[in-house]
Every structure is written in structure tokens, then in C-alpha cells.
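Asks: Dropping a structure here in C-alpha cells format, bear with me for questions.
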Amino acid sequence: MADEIGSRDAILSRIRSQAATKPQAERMADVEARISSHKRGILPAGPRSLIKRVERFTQKAEAAQSTVAQVSPPKLAKAVSEWLREHNLPAEIRIGQDPRLSPLKKSGAKLMTVNSGKADPADITGVSFAECGIAESGTIAMLSGKANPTTLNFVPENHITIVNESDILSHYEELWPRLRRRFGRGKMPRTVNFITGPSRSADIEQTLILGAHGPVRHHIIIVKGA
Amino acid sequence: MEITSPSFKKNVHKALRDEQLQQAMRHVRSNFIQKRAAAADALPEFEALRDNARDIKNHVLENLDLYLERFESKVTENGGHVHWAATASDARGMVLDICRRVNAKSVTKGKSMISEEMELNGFLEKYGITPVETDLGEYIIQLRGEHPSHIIAPSVHVTMNQVRDDFRKAHTHLPKDRPMDEPESLLKEARAILRQKFMEADVGITGANFLIAETGTSIIVTNEGNGDLTQSLPRVHIVLASLEKVVPTLEDMSQIMRVLARSATGQEMSVYTTLSTGPRRASDPDGPDEYHVILLDNGRSNMLGTEFQDMLRCIRCGACLNHCPVYHAIGGHAYGWVYPGPMGSVLSPALAGIEKTANLPNASTFCGRCEEVCPMRIPLPKMLRHWREKEFEKHLTPPAQRRNLKLWAWFAKRPGLYRTGSRVAMRMLSLMGGSKKRLRKLPFAGAWTEDRDLPAPEGGSFVSQWNAGRRT
Ligand code: SF4
């Protein structure tokens, strides 16, 4: 193998001698300041009120071919099982250990089979609880971990994501301070997934087809008042 | 990949006579341009975001060493490994070492242009490791033994009938009379076959659209979800990234992300944007046990501080290809190396050497569309001119072209005249196209338009249309 330390130092010193336009100390201060300031840049104008934000989120998610429903907290399990029935899918789901999913285990147990853990290749429908929704593009954000295993987002053909109404944010930039507060500055969970619609490909003659390698259907359930 | 840029003119003749290719390229012209324009129009802040994206990358390039060091220390802190590769062959060796250590037989791959630069697939095969491309377009061209002809739509040169024939040949275990007349059935077939490969793979290799210095995170952006299956199912995740992919913070990435998908496919957001930081955590039920980032230089650090530094802002959106009349006419393969279109004609000489790629900077009508749509505001025509001048200095140009170029260079060097000039040139091209709006011969471009008409630019340059309020 190439001498890794040697090439590291050679690359860095080449960059330093070619790119740097200011003294080293000044550059170090600039970089430090830049990283800790978390400057937001330009945020596209968007609705301010929660109601309008949820409206925008829904409209954008539907434009990306997700389907969206709103339910009150007690109806969550029913909403999941009805969606399965509407699509002629088996009454069986896979979920993680997120405590917010416990209604599915309790009242859901009468309506469908509920398996826990990471995705199995045989799973047909995965259900996860989202960290948040992003109104500007109808995107949902998922965090890895045993609460909502990342493989549930990709392996099953159908993905239902549940999001609390109050977690619908306007811009991506609002998620980052939340993560810094929860995980610490400069720290992240192993995976953050932004998901906007079901998977798709246009690789055959530029014809857009839904359901490439990831889910064929993506359904979002917004929990009202939560 | 063997470089065929030296025989560019021959490649062009061949491309222009290739009916299948010409049929396939029609989809590029009709699709991408209109979608990008609609997406840009729908976001009032789009132009300001482009400015900001440019400024972020300029700041990074001036401090690239420091951001890379920060990125490295964060990856290490999270339990991952960073490997520094000066050359493509160093990087190949690093991938092989990791694969051998974990005794890998099969490797799934997400889309990565760096992997093309490294010629990774052929190399792994030589050592008995099977690389499986999982992006549908990449899978198709892997079956065909070809290279990508577009940086985001690798199989854009292939027609559906060709895909069907390739699948018939490759998937011999499936019934011969299965339905294969719709793109949907072909996609389903590929999905089922690749599912199996995802489950079997020992190592998953992805590229990176961004690296984040603040957190040591790598990011992939896809529509198919193949990159996510590639990186979350096997034991080992290897990220291939070039040096300039780093940005300071999550906020900076969010800014550039807003212009990426809009410029690439006209989507507001690609379906999957995935941020990966280190290997799986102790309590995670899934994800890879090992996380490696291979940082590839391969000539990029030498572009810093030169007239080509701005090219390192490129986020590989493909907009400059999609809007290039030359690319539309000849497709990606004729360019003869990894990166086609205007961005390739600037980047390839820097990475592969101007001696072998001297023809590429001439593959331009200087219509200026590439610069007008580039989300990172990279002055592509200006840099093509720099390469022409260098090529000229090195006397790589034949005498007849040298006269024209001298004239052209005189003109292009005078910024006041440049805009007016390209407007005049547009009008000239337009007039030459006549009422059929097709061009038979391009000024300065010599033989390569002899075969086929090129679409003539209509209605002036993008800039003049923009100024006239006709925001196409
Ligand atoms: S040069 Fe600009 S338009 Fe072309 S791929 Fe790079 S970022 Fe996109």
C-alpha cells in the first residue's frame, strides 16, 4: 500500500502552498469561527404559522408522490391498518422500539401482526416515527438507532412514516440545532435520512418510474395536536 | 478507463452516425432543460442561493487543508477511518486492502464518478472480487461493458430496446417469454436481481456529494435508494470522495443542496439525501461495522491557485451537459474520458493531461449556456479558453486552427467585447442555421460538424434573454 501518512502530508502541504491567500493563523481563526457560527445563509420564504406549514408540507410531499393523512393520536393504529387494507397489503408491519410507536403494539395488535427490529428481506411494510418533517420540500427526516432502524426506510416495499404535527419544521436548517442539542456539538447519529417521496428511477429512456430499489409507496401520517 | 480523447474527431464522426445514440440523446434535449428551468423559476431565492453556494465553496477552497484536517479528526473521533490517496492507483490499492482484510467476495456499489476515475471495477475483478453496480443506469452499462456517458444519468445513451436485449442476455435464468416491453417490467427485473446482491455483499462502496468538516459526515444524494442499501446492509462501508467535496457545516450543505437537485433533474429535493457519520453505534440494530473514507487528490490540489481553481466548486449536477448543444449532438462517450460535456472539457485536461485531451476544449460553441445554468457559477467558457491558450502555447494545435484561435483569443480576452461578441456569434450561428434552425458546420470547430446538423441557438444568449425578461 502507498505510504498513507506520507501522501496525507504531501497533499496537505501542496494545498497549503497553493491555495492559501492569508497567513495561517488568520485562516485558522476564520475556519474556527465559520464552523462554530453555523451561519444559515439564505432561507426560502415560507409560511410562518403551523397550520400553513402543515399545508405546505402536505402539498410538497404529495407533489413528490408521497401520500399524506392526518389523524388524531387515538386513531393511529387504525390509520395504519386501514392504509394496508386499502392497498391490499397483508396486515403485518415491522417497527422499531420508538416509544411513540407503542399504540401500534397495543391497540394495533388486534388489527395486524406487529414485528420489531431491523428490516428482514421478507418484510412488506415498515413503519417508522420521523424526527421531523420539512415543509419546504415535503421531506421527512429519520434518525438511525434502535428506535427506528435505518433499514426499515429502504428494505420493505412500503414505508409508512409517522410525524407529530408540531415536528413539521419549515427548513432543513431548523433540524441541525435540534441535533446539536440532543447529541452534542459536532456530533451526529450514524445516519440521518432525508426522504422525499417513494424511490424512483429515470434511467431507462428518461421515463420516470416509481419503486426503484427503495420503497414503491411512501405514506406519511401526521399526528394532529401532537 | 482507457482514454480515447486523442481520437476525439473520430469519436465524433462515429457518434453522429450512431442512430441509436441519436435517438437516445433526444430525451436529454427534451427533458432536462425544461425541468431545470421550471424548478429555478419556482424558487425566487434561486439566484441568491447560487451566489451563496459559490461563496461557500470559494471560502472552502482557500482553506481546504484546514477543513480536510477537521473532517479527518471528526471521522476518527466517531470511529471511522480516513485514507489519503494521492493518485487513482493509491486509492485502488486502499480499497483492495480493505476488501482483502475482511475477505470480501462481493462488493455492491452506489454511483460514483471517482470510482470511474479509479477504474475500480476492472481492478477488483482482477483480484477475484465481484463489483456490482446498483444504480439502475450503472447496472445497465456494467452489463454492456461500457462507461457512463453522463455524470448523473450514466445510461442516457442507451435505448429501451437495447436494455431489453442486455437483460435477456444477462438474466438467462428467467423465463424467455416474460413481459419486457415496458420500462416498468425492466426496472422490476433489475430490482429483484439486485436485491439478492445487496443481501450478499460484504462491502458497500458509495461516492459522496458532500463531506462535512463540522461533524465528519459524508453525504450521498440519490433517487433510487440503491446507495442506502449499498451502505447500510454490508459489514463495511467505503466512501470514495475527492478532496474538494468538503463544506464547513450542516448549514452550508443545506444551502448547496437547494441548488443541486433543481439544477440536476429539476426536482426540489432528490428522494434520498443521506448523512452518514462513522460506523454503527453500539446500540444500533443495523448499519456497517466499519466506515472508511478514501480522499482522492489525483491532480486536484494542483488546480488550486491556478486559473482552474474555480472548477473545484463543481457539484457534479450535470446541468452544463444537459444544456450543451455539443453534448446533445455527440453524447458523452465521444469525449473519451470519465467526465463529458463542458465540465469534463475543463476537468479532464487538468486530471488526465492536456496532451491527451487537447481536442476537448475545442468541443464548444461558446454559446455560454453552461455558465448560465451552472449552480456554482463556474466560468466554464473562460476556463475552456484558458485551456485553448495553453494548448496553443504548447503548439498542440494544427496551423489552420491556430489562425482562427488567435483571432478568437484576442476577442475573448477583452471582457467588454466578450458579451457583445457571444451575442453576435449567437446571431451568426442562428443565421447560418437558416429557417430549419439546424447547423451544418460550426466556425472553428472544423470537421466535426460535417456529419450532422446541430441545433442552432435560438433567440439570443441566455443572458440576453434573461435581461429581456424572457426567463426560459
Ligand atoms: S460545472 Fe456546474 S453545471 Fe457543470 S456539473 Fe459542475 S456544477 Fe453542474
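For every residue, the table says whether it meets (1) within 11 Å of the ligand (Cβ to nearest atom); (2) modelled with pLDDT under 95; (3) open to solvent by 10 Å² or more (accessible area, probe 1.4 Å).
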site	(1), (2), (3)
B:334	no, yes, no
B:353	no, yes, yes
B:356	no, yes, yes
B:364	no, yes, yes
B:370	yes, no, yes
B:375	yes, no, no
B:379	yes, no, yes
B:387	no, yes, yes
B:390	no, yes, yes
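Asks: To continue, here is another question. Between residues in segment A:32-49 that are at the interface with chain B (Cβ under 10 Å from one of its Cβ atoms) and residues that are open to solvent by 40 Å² or more (accessible area, probe 1.4 Å), which pairs lie under 6 Å by C-beta distance while being six or more apart or on different chains?
Replies: The qualifying pairs are A:42/B:48.
Asks: Could you give every pair whose Cβ atoms fall below 7 Å, whose first residue belongs to segment A:188-210 and is facing chain B (nearest Cβ under 7 Å), and whose second residue is open to solvent by 10 Å² or more (accessible area, probe 1.4 Å) and at pLDDT below 90, counting only separations of at least 6 or pairs across chains?
Replies: Listed by first residue and then by second, the contacts come to A:205/B:27; A:206/B:27; A:206/B:31.
Asks: Which is of a type in the set (Ser, Thr, Tyr) and open to solvent by less than 10 Å² (accessible area, probe 1.4 Å), of B:283, B:276, B:270?
Replies: B:276
Asks: Scan segment B:221-251 for residues that are acidic (Asp, Glu) and more than 7 Å from chain A (Cβ to nearest Cβ) and jot them down.
Replies: In the first step, residues of segment B:221-251 are kept if they are acidic (Asp, Glu); the result is B:224, B:228, B:244, B:251.
Scanning segment B:221-251 gives a single hit, B:244.
Asks: Which numbered condition in (1) touching a helix residue (DSSP H, G or I) at 6+ places or on another chain (Cβ under 9 Å); (2) not in a helix (DSSP H, G or I) is the only one that residue A:115 fails?
Replies: So residue A:115 meets the others, but not (1).
Every residue, every condition in (1) touching a residue at least 24 places away in the same chain (Cβ under 8 Å); (2) among the polar types (S, T, N, Q); (3) out of contact with any Lys or Arg (no Cβ under 8 Å at 6 or more places or on another chain), yes or no:
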| residue | (1), (2), (3) |
| --- | --- |
| A:7 | no, yes, yes |
| A:20 | no, no, no |
| A:25 | no, no, yes |
| A:29 | no, no, yes |
| A:51 | no, no, yes |
| A:60 | yes, no, yes |
| A:72 | yes, yes, no |
| A:80 | yes, no, yes |
| A:85 | no, no, yes |
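Asks: Among residues belonging to segment B:264-284 that are of a type in the set (Val, Ile, Thr) and more than 16 Å from the ligand (Cβ to nearest atom), point out the one that is farthest from residue B:71 (Cα to Cα).
Replies: Across segment B:264-284, the extreme among qualifying residues is B:271.
Asks: While we're on this one: If I filter segment A:133-164 down to residues being more than 13 Å from the chain's Cα centre (by Cα) and under 21 Å from residue A:190 (Cβ atoms), which single residue comes out as surrounded by the most Cβ atoms within 10 Å (Cβ to Cβ)? Before you say what the answer is, go through the steps one by one.
Replies: Step one: filter segment A:133-164 for residues more than 13 Å from the chain's Cα centre (by Cα), giving A:136, A:146-147, A:155-158, A:164.
Filter again for under 21 Å from residue A:190 (Cβ atoms), leaving A:146-147, A:155-156.
Numbers: A:146: 16, A:147: 19, A:155: 29, A:156: 24.
Among them, the one singled out is A:155.
Asks: Name every residue in segment B:307-323 that is buried (at least 24 other Cβ atoms within 10 Å of the Cβ) and more than 9 Å from the ligand (Cβ to nearest atom), in order of residue number.
Replies: Within segment B:307-323, just B:312 meets the criteria.
Table: residues versus (1) outside the structural domain of residue B:80 (by TED's automatic domain parsing); (2) on the phi > 0 side of the Ramachandran plot.
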| position | (1), (2) |
| --- | --- |
| B:260 | no, no |
| B:273 | no, no |
| B:290 | no, no |
| B:340 | yes, no |
| B:343 | yes, no |
| B:353 | yes, yes |
| B:370 | yes, no |
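The values are calculated or read from the model by the stated rules, or taken from the named source; none is laboratory data. Computed from a predicted model, the values in this text were never measured in an experiment. Note that each Cβ is placed from the backbone with ideal geometry, even for glycine, and that neighbours are counted across all protein chains shown. Keep in mind that these areas ignore ligands, DNA and RNA; they rest on the heavy atoms of the full protein, side chains included. Shrake-Rupley method; radii C 1.70, N 1.55, O 1.52, S 1.80 Å.
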